[in-house]
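What follows is a single structure, written as C-alpha cells, with notes after it.
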Amino acid sequence: MEKKSYTLGYHLVAFLDVQGQRDRFRQLKLPKTPEEHASAQQVLKDTAGFVCGLRDMFRTQFNAFEAGILTGHPPTKESLQPRFVGFSDSFVMSVPLRPVGGDMTPIVKILSALLAASIVMMTSLASKHALRGGIDVGLATEIGPEEIYGTALERAYVLESLHAKYPRVAIGDQFWTYLAAALAEFSNRPSAISEPLCSLVHRIMDLTKVDAGGERFLDYLGEEMAKVAKPQDARYIVQPAYDFVVAEQQRFLSTGDSKLSERYRHVRAYFETRLSLWGLAKRV
C-alpha cells in the first residue's frame with residue numbers, strides 16, 4: 001500500500017442531494033420494444049441527464065463568479081473556486097479554511113459556494129426536481145484532487161439527511177461560529193483591509209435565514225440573490241419553481257400524503273415570503 005502523508009484541517013463542506021432520483025431509476029428495465037426504449041430514454045434524461053446538467057451548472061457558476069471577482073485585477077496564483085465533486089445524484093463543495101487571520105481567499109470561495117448552491121436550488125425546483133442539502137464546518141483531510149474525508153463531510157450530510165427535512169439547505173452551527181469569528185477578527189484590521197473582508201462575510205451571512213423553529217438555512221430567494229440575479233430569472237426560474245412547489249403540495253394533498261404535503265407547505269410558505277423581492281405574486 002502506498003505511503004502518503006495526510007493533513008488534517010478545518011474545511012467548509014456543502015452537501016446537496018437530488019431527491020426522488022433513485023425511485024425513478026429503480027423502475028427502469030431493459031427495453032425490448034421501441035416504446036419501452038423511448039420511455040427508458042426519457043427517464044434517463046430526467047435522472048442521469050438532469051444530474052449531469054446540474055454538475056455543469058455548478059462549474060459554470062464557479063467560473064462566472066471567479067471571472068467577476070477578478071475583473072480589473074491581475075490573475076491570482078490560487079483558484080478562487082471551491083473544490084467540487086459529484087457522485088451519483090449528490091454534490092459536494094468544499095473549502096479548506098485557513099486560520100481566521102488569513103487572507104480573503106477562503107471567504108471568496110465560501111461566497112462562491114453559497115451563491116452556486118442558491119442558483120442550483122432555484123433551477124432544480126424550476127426543472128421539477130427537489131433538492132436538499134447541508135452546509136457546515138469541521139475537520140477533514142484531503143484524499144483526492146477534489147475529495148475530502150472527515151467530520152466536515154459527515155456534518156453536512158447529517159444536516160441534509162436529518163435536519164433539512166424538506167427541499168432546502170440547512171446551515172450548521174459551526175459554520176455560523178466560523179463566520180462570526182471571521183467578522184470579529186476582520187473588524188480589528190485597518191479599514192482599507194477590513195471593509196472588503198467584512199463586506200464579503202456580511203454577504204455570506206445575508207444568504208442565510210432562521211426559521212420559526214430556530215433552524216438556520218440557505219436563503220436562496222432572499223435579498224442577496226435578488227440583487228445579483230439576472231432580470232429574466234424571476235420569470236424563467238423563480239416563477240416556474242414556485243409553480244412546481246404549489247403543484248407538488250396540491251398533488252400530495254389530493255393523494256392523502258400528509259407528510260409530503262406538509263413539507264411542500266413549508267417550501268411554499270418560504271417562497272411566498274420572498275416573491276415580492278422578485279416582483280411576483282402569490283397564488284390565492
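Numbers for the structure displayed
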read-out: Within the chain, longest stretch clear of exposed GluC sites (Glu not before Pro) (DSSP loop, no more than 10 other Cβ within 10 Å); value: 79-284
read-out: Stokes-Einstein diffusion coefficient of the stretch 18-81, Kirkwood radius over Cα pairs, 25 °C, 0.890 mPa s, in µm²/s; value: 167 µm²/s
read-out: Helical mean residue ellipticity (222 nm; -39500 (n - 2.57) per DSSP H run of 4+; nearest 500) of the chain; value: -15500 deg cm²/dmol
read-out: For the chain, alpha-carbon Rg and Dmax in angstrom; value: 20.0, 71
read-out: Where chymotrypsin sites (Phe, Trp or Tyr not before Pro) fall in DSSP loop in the stretch 1-69, at most 15 other Cβ within 10 Å; value: 6
read-out: Evaluated over the stretch 178-226, the Cα radius of gyration and Dmax, each in Å; value: 12.7, 39
read-out: Projected-area mean, the stretch 68-156, by convex hull of Cα positions, square nanometres; value: 7.1 nm²
read-out: Cleavage-rule hits, trypsin sites (Lys or Arg not before Pro), the stretch 1-71, DSSP coil, Cβ neighbours within 10 Å at most 13; value: 3, 4, 29, 32
read-out: Quotient of Cα Rg and 2.2 N^0.38 Å for the stretch 229-284, N being how many residues it contains; value: 1.19
read-out: The chain: most fluctuating residue of 267, 210, 92 per GNM, C-alpha cutoff 10 Å; value: 210
read-out: Candidate lysines - alpha carbon under 21 Å from residue 77, same-chain residues fewer than 8 apart omitted; value: 109
read-out: Convex hull (Cα only) mean projected area of the stretch 144-204, reported in nm² to one decimal; value: 5.8 nm²
read-out: Theoretical FRET efficiency, 1/(1+(r/R0)^6), r = Cβ-Cβ of residue 127 and residue 194, R0 41 Å, to 0.05; value: 0.50
read-out: Cα pair distances in the stretch 193-251, grouped into 10 Å bins until the bin that holds the longest one, percent each; value: 19, 35, 35, 9, 2, 0
read-out: Förster-model FRET efficiency, 35 Å R0, residue 78 and residue 37, C-beta, rounded to 0.05; value: 0.15
read-out: Total charge dipole magnitude, the chain, about the Cα centre, Cβ charges on Lys, Arg, Asp, Glu only, Debye to nearest 20; value: 540 debye
read-out: Residues of type aspartates and glutamates that residue 165 reaches as a straight line, Cα spacing below 15 Å, ignoring anything fewer than 8 places off in the same chain; value: 17, 211, 215, 262
read-out: Inter-centroid distance (Cα atoms) of the stretch 129-180 relative to the stretch 185-234, Å; value: 18 Å
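Every number in this text was worked out from the coordinates using simple rules, so none of it is lab data. Here the structure is a predicted model, which means the values were calculated and not measured. In this analysis, Cβ positions are derived from the backbone assuming ideal geometry, glycine residues included, and neighbour counts consider all displayed protein chains.
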